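I have placed the structure first, in the form of structure tokens, so that the comments after it can refer back to it.
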Amino acid sequence: MEHTNFDEMLELVEQARNAVIHAQMNFNSDEYQRALRALKLAKDQLSTVMHQELQNEEQATMVHHAKEHLMHLNETLVALQSIN
């Protein structure tokens, strides 16, 4: 099975989610920076996918959900930084 940009985007969003959760649980500058990097990678991949033709409506919906999820993860990191 071919590993597509879409599949990679889904994986990177999941990695970003896990990194943000980990940063919340064990806040220190290394964890925060790791979460920021993971979030940036996921956002970059999302941007790549958004400029490609998606195979079906389900993928379009998943891209929309990924975009919303990354926005919430970013908000979480901003809030985390402001309280620490």
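Quick notes
- Under the criterion of Cα pairs below 8 Å and six or more residues apart, the relative contact order for the chain equals 36 percent.
- GluC sites (Glu not before Pro) restricted to DSSP loop in region 13-53 with at most 15 other C-beta within 10 Å: GLU53
- Karplus 3J(HN,Hα) series, Hz, for region 7-17 with 6.51 cos²θ - 1.76 cosθ + 1.60 (x for Gly, Pro): 4, 5, 4, 4, 5, 5, 5, 5, 5, 5, 4
- Degrees, to the nearest 10: 29-50 long Cα axis against longest axis of the chain: 20 degrees
- Between the labelled values (i) -0.41, -0.83, -0.95; (ii) -0.83, -1.05, -1.09; (iii) -0.60, -0.87, -0.94, the entry that holds log10 I(q)/I(0) by the Debye sum over Cα atoms at q = 0.13, 0.20, 0.22 Å⁻¹ as derived from this structure is (i).
- Each helix, a run of at least 4 DSSP H residues, gives -39500 (n - 2.57); summed and divided by the residues of the chain, these come to -29500 deg cm²/dmol at 222 nm.
- Cα-based helix-to-principal-axis angle, 57-83 vs the chain, degrees rounded to 10: 10 degrees
- Charging the Cβ of each Asp and Glu at -1 and of each Lys and Arg at +1, and nothing else, the dipole of the chain about its Cα centre rounds to 440 debye.
- Farthest toward positive dipole pole in region 5-83 [+1 Lys/Arg, -1 Asp/Glu at C-beta], among LEU80, ALA35, HIS69: LEU80
- Applying 0.36 nm per residue to the separation of ALA60 and ILE83 and subtracting their alpha-carbon distance, the gain on full extension is 4.8 nm.
Each value in this text was obtained by applying a stated rule to the coordinates, not by laboratory testing. Nothing here was measured: the structure is a model prediction, and the numbers come from that model. We place every Cβ from the backbone using ideal geometry, glycine too, and count neighbours over all the protein chains shown.
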